[in-house]
Amino acid sequence: ERCSLRACSAALRASRSSLDAAEAPAPAISTVPMAAFPHELGIGTNKWRLKHIDEVQAAFGAALDAGVSLFDTAQCYASSEACLGYVRKRDREPFIVTKFDSLRGGPDRLIPTLRKSLFDLDLECVDAYLVHFPRGDIDELAAALAEAVELGLTKRVGCSNFGRAEMLELR
């Protein structure tokens, strides 16, 4: 179920105001039952390069054949998004996770760079889009993530490399 940007922002503010930093519970590790998540194996694509596309294509096929169904990439991983877009097979749709390079741009760049990632990945929507590093205004990042979901550019959002304090702030 999608929420509107306004509703997501209001829910974010309400949940944050109800938290007392001294008594704040640790964020849940997972709210999705593992039975609902069919991806047992994943692989990172940080080292995939277009200049080695034949090797990348072989690795992608071998990974799929071995049961890998989740592929992790990021905007700051050189050409891994373009590689993944090039080799992705239509008959076996892997779960694609990519990340916003928050070290190179503020929250106002989240949607435009996600659109670039979608182009490189040859997708209309990624399965998950994460903020790679806790940089920038967290409220604005949360609003931009909510907008990405609302626009149908990603199915899920999250964060990477965030500590407890940043996760509670993003929550």
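What's the total number of residues in segment 140-156 that are open to solvent by less than 30 Å² (accessible area, probe 1.4 Å) and in contact with an Asp or Glu (Cβ under 6 Å, 6 or more places away or on another chain)?
0
Which of the residues belonging to segment 116-171 are of a type in the set (D, E) and over 27 Å from E93 (Cβ atoms)?
Hits for segment 116-171 are D137, D139, E140, E166, E169.
Need the failing condition index for C159 against (1) open to solvent by 30 Å² or more (accessible area, probe 1.4 Å); (2) at pLDDT 90 or above, just the number.
(2)
Residue by residue, here is whether (1) buried (at least 16 other Cβ atoms within 10 Å of the Cβ); (2) in contact (Cβ under 8 Å) with a residue 40 or more places away in the chain; (3) of a type in the set (D, E, K, R) holds:
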residue	(1), (2), (3)
F71	yes, no, no
S80	yes, no, no
L84	yes, no, no
I96	yes, no, no
L103	no, no, no
P107	yes, no, no
L114	yes, yes, no
L121	yes, yes, no
I138	yes, no, no
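Can you spot a residue in segment 55-69 that is surrounded by fewer than 14 Cβ atoms within 10 Å (Cβ to Cβ), charged (D, E, K, R) and over 18 Å from E150 (Cα atoms)?
yes
The values are calculated or read from the model by the stated rules, or taken from the named source; none is laboratory data. Bear in mind that the values here come from a model prediction, so they are computed numbers and not experimental data. A quick note on method: Cβ atoms are made from the backbone with ideal geometry, for glycine too, and the neighbour counts reach across all protein chains shown. The protein model used for the area step is the full one, side chains on, heavy atoms only, and it has no ligands, DNA or RNA in it. Shrake-Rupley method; radii C 1.70, N 1.55, O 1.52, S 1.80 Å.
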